[in-house]
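Engineer: Just dropping this structure here.
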Amino acid sequence: MKNHFNIIAALLLSAVFLFAFTFADQGNPWKVPDKYEKMENPHDADKESLKIGKRLWKKHCASCHGSDGLGDGSKAANLETSAGDFSSEGFQAQSDGAIFYKSWFGRDEMPNYEKKIRYEEDVWHLVNYMRTMGE
């Protein structure tokens, strides 16, 4: 009986955290400037682009967002907000420009990467790689 109680308690706690993160994110929508919202990725998602994107993902993103973009990276538990699920329909429905903007400029706990990822081209390769997480 004690094990059942522990399982139920763990499930309820998980549901509370998921509920809190979901509504916390909705209460503070991330406004992307029109200039970026409308930008199109100038790089095809070819083998080389995905290779570069994956390398950059592992170096800069996986510690929070997880190796598969599920928001389960080693640092995710220490965040006040959800690291997101990049395989979700909601994430994948964003324009390439919106993903570019959020990835490079950041906000709140999502750091600014302008100095760490110096070239816009590399951010576009990351966008291509993130698109594979919805497949």
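Each reported figure results from applying straightforward, stated rules to the coordinates on display, with no laboratory input. Please read these numbers as outputs of a predicted model, since none were measured by experiment. Cβ coordinates were reconstructed from backbone atoms using ideal geometry, including for glycine residues, and neighbour counts include every protein chain displayed.
Engineer: What's the ranking of 118-130, 37-49, 84-96 by average number of surrounding C-beta atoms within 10 Å, highest first?
Structural biologist: Highest mean packing first, the order is 118-130, 84-96, 37-49.
Engineer: Enumerate the lysines that K115 could reach by cross-link, defined here as Cα to Cα under 29 Å, with residues fewer than 8 away along the same chain left out.
Structural biologist: The reachable lysines, counting only those whose Cα sits under 29 Å from K115, are K31, K35, K38, K47, K51, K54, K58, K59, K75, K102.
Engineer: Another question about this same structure. Which whole-number percent of Cα pairs in the stretch 31-134 have a distance greater than 24 Å?
Structural biologist: 13
Engineer: Which residue, N41, T81, L56, has the largest displacement toward the positive end of the dipole of the stretch 31-134 when charges sit on each Cβ (Lys, Arg +1; Asp, Glu -1)?
Structural biologist: L56
Engineer: Still on this model: Would any residue of the stretch 92-113 have its amide N under 15 Å from a label point 7 Å out along Cα→Cβ of S67? List them or say none.
Structural biologist: Label zone hits: none.
Engineer: How large is ³J(HN,Hα), in whole Hz, for each residue of the stretch 99-107 in order, when computed from phi with the Karplus curve 6.51 cos²θ - 1.76 cosθ + 1.60 and θ = phi - 60°, using x for Gly and Pro?
Structural biologist: So the Karplus estimates, Gly and Pro as x, are 5, 4, 4, 5, 6, 8, 8, x, 5 Hz.
Engineer: What list do you get for W57, W30 if you sort them by fewest beta carbons within 10 Å?
Structural biologist: With the sparsest Cβ surroundings first, the list reads W30, W57.
Engineer: Still on this structure, I have one more. Which length gain, in nm to one decimal place, applies between A77 and D108 when the Cα-Cα distance is subtracted from 0.36 nm times their residue separation?
Structural biologist: Value of the extension gain: 9.6 nm.
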